[in-house]
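Enquirer: Please see the structure below; I have some questions.
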Amino acid sequence: TSGHWDYSFNAAQQQTLAKLITGKSVGDARGLLMQQAGVSNAAITISGAFLFWNALPTNPDHISIKVD
């Protein structure tokens, strides 16, 4: 027997994840996301000045969470 389970994140949960990683370095943010229930992989793409700083925005409204 085998099975496949998917975990869904609602808008409030996605906002909580965004707040969790706000202002973190890419490595720290990925590590924090990987520790969350339902997260099996996390890829982070940054752009603009954040690319230079290797950090996520300090405003969670500027962080988009995409769930596949």
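Enquirer: Relative to the longest principal axis of the chain, what angle (0 to 90°, nearest 10) does the C-alpha long axis of helix 11-21 take?
Expert: 50
Enquirer: When the helices in the chain are scored as -39500 (n - 2.57) per DSSP H run of 4 or longer and the sum is shared across all residues, what 222 nm value do you end up with, to the nearest 500 deg cm²/dmol?
Expert: -10000 deg cm²/dmol
Enquirer: Placing unit charges on C-beta atoms (Lys and Arg positive, Asp and Glu negative, everything else neutral), compute the dipole magnitude of the chain about its Cα centre in debye, rounded to 20.
Expert: 120
Enquirer: Also, quick follow-up: Which one is right for this structure if Cα Rg over 2.2 N^0.38 Å is calculated from it: (1) 1.33; (2) 1.03; (3) 1.19?
Expert: Structure-derived value, by its label: (3).
Enquirer: Which of the peptides 31-44, 12-25 is most tightly packed, and how do the rest follow, judged by the mean count of other Cβ atoms within 10 Å per residue?
Expert: 12-25, 31-44
A short reminder: the numbers here are calculations on the coordinates, not readings from a lab. As the structure is a computational prediction, the values presented were derived from the model and not from experiment. Positions of Cβ are backbone-derived with ideal geometry, glycine not excepted, and every protein chain shown enters the neighbour counts.
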